[in-house]
Amino acid sequence: MTESRLDYIVEAGGSIKGRFRVPGDKSISHRAVMLGALADGETQVSGLLEGEDVLATLGAFRAMGVQAEGPVNGALQIRGLGLRGMRAPEVAIDCGNSGTSMRLLAGILAGQPFSSILQGDASLHRRPMGRVIRPLEQMGARIESAEGGRPPLHIQGNPRLQGIHYELPVASAQVKSAVLLAGLFAEGETSVTEPAPTRDHTERMLQGFGYAVRREETTITLRGGGNLHGTRVQVPSDISSAAFFMVGALISPDADLVLEDVGVNPTRTGVIEILTRMGGRIDLLNLREVGGEPVADIHIRSSRLTGICIPEKLVPLAIDEFPAIFVAAACATGRTVLTGAHELRVKESDRIAVMATGLQALGVAAEATEDGMIIDGGLIQGGSVDSHGDHRIAMSFAMAGLVAKGPIHIRDCRNVATSFPGFPDLARAAGLGLRLEEGA
Ligand code: S3P
């Protein structure tokens, strides 16, 4: 059954206020489920994101025999089967909208003594998987895909993978993680060199599960054949979900917001650095470490923003936050220029094209370039935009409503549930005039 379309209608005006917690970090939640499933013994997760993407990952492991209780209010107990304990899934594994599920699972399935199929929704089937197929085949798995390295993936696992050294051609935490996870099942050492730092949750969490991982400059190395030990994982709030409210508070008048328990891993805080450089008043309070990840409360107040040239080195550190940053740029004085962000074209949608088209529909001078965007800040008009089923684009345009001159109609918002269940309620409580409309 195909569900009807869900649209957001956002009233013009409002201000973001309050003190609350956004849901758990998506990247960390995926990894907690995966490593918990592959560990010996029990793993207790708290703060898990109960979004559709993470539930897809959990469903995949249940289909391979892993037992888990929950999630209930973010609490999940996983009885791990150890690295060699899973059985073949009886049907194809459905990753839904989730690139992280598909790419990281591909790494794990590459090392299994059985074959499996990974598939997903229409958006996921447009995304490039050659980037994981190539290294995993070098390690000894066989992976067939649709044309152009697109899903579905038919993976013939190989329990005797060979460790490799792999130089990542793109700065991608998903590819890095796929290779490292396959390395758990490989003979000898597996190492990955990254062209620029990317989120390091896999490396941190492997260590949390008692697995030795070495980082020397830009290279991460592990040796296959060890064991993961079940543990407790406390998932912080997702800075990528916090980003929408950060931007909402910066651009709206009289805003004063504290977002609690947000993960501020330095491989994820590009959004804070960029918005601060634009003049955003953002303070990190109560900085602490929780379960191997840095966490803080973030205080944000209304600010006069100015356009900047975004340094390319910050791009991988803010890769998921550009839709929200573009909205901030549209509200800034002067020009914001982003370059070196071609990867945005292969996310849940082509985020360069879709954001440029949406901003233009709202009267903003936004020009898409091959690898980024040029935005001249100014007034945001009311109007109609299409999120193309991309959760982050839907939530970014919702925040634009705070300063728009008329209501904004955002089409195709159902996928917000992939990463941010409860967004409409939380947004309303924070001060956004948002209602839902079932589309045709
Ligand atoms: C993720 C890595 C990033 C990011 C995605 C989550 C992860 O993707 O965009 O939302 O959890 O490893 P890439 O590795 O493709 O940059």
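The table below gives the values:
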| item | result |
| --- | --- |
| Accessible area expressed per residue, the chain, with surrounding protein chains retained (probe 1.4 Å, Å²) | 36 |
| Unit charges at the beta carbon, dipole of the range 26-234: most positive-side option, S177, G149, G65 | S177 |
| For the range 26-234, share of DSSP beta bridges that run antiparallel, in % to the nearest 5 | 70 |
| Amide H contacts under 5 Å for A404, placed H, 5+ residues apart | G13 |
| Reach of K405 by Cα under 23 Å, taken over lysines that are not fewer than 8 positions away in the same chain | K17 |
| Table column - 3J(HN,Hα) (Hz), the range 291-298, Karplus curve with 6.51, -1.76, 1.60, x for Gly and Pro | x, x, 10, x, 9, 8, 8, 10 |
| Extension reserve of the K405-A92 stretch, reckoned as 0.36 nm per residue once the Cα distance is removed | 107.9 nm |
| Accessible surface of the chain [probe 1.4 Å, protein heavy atoms]: carbon and sulfur percent | 49 |
| By accessible area with a 1.4 Å probe, ligands and nucleic acids excluded, highest first: order of C413, C309 | C309, C413 |
| Ranked by how many other beta carbons lie within 10 Å on average, peptides 166-177, 68-79, 273-284, 99-110 from highest | 99-110, 166-177, 273-284, 68-79 |
| Counting DSSP beta bridges with both ends in the chain, the antiparallel % (nearest 5) | 75 |
| Cross-link reach list, lysines versus K313, counting only Cα pairs under 28 Å and skipping chain neighbours closer than eight places | K26, K176, K347 |
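The values are calculated or read from the model by the stated rules, or taken from the named source; none is laboratory data. The structure presented is a predicted model; accordingly, all values stated were derived computationally and were not measured. FYI the Cβ positions are ideal-geometry reconstructions off the backbone, even for glycines, and counts take in every protein chain you see. Side chains included, ligands, DNA and RNA excluded: accessible areas come from the protein's heavy atoms. Shrake-Rupley method; radii C 1.70, N 1.55, O 1.52, S 1.80 Å.
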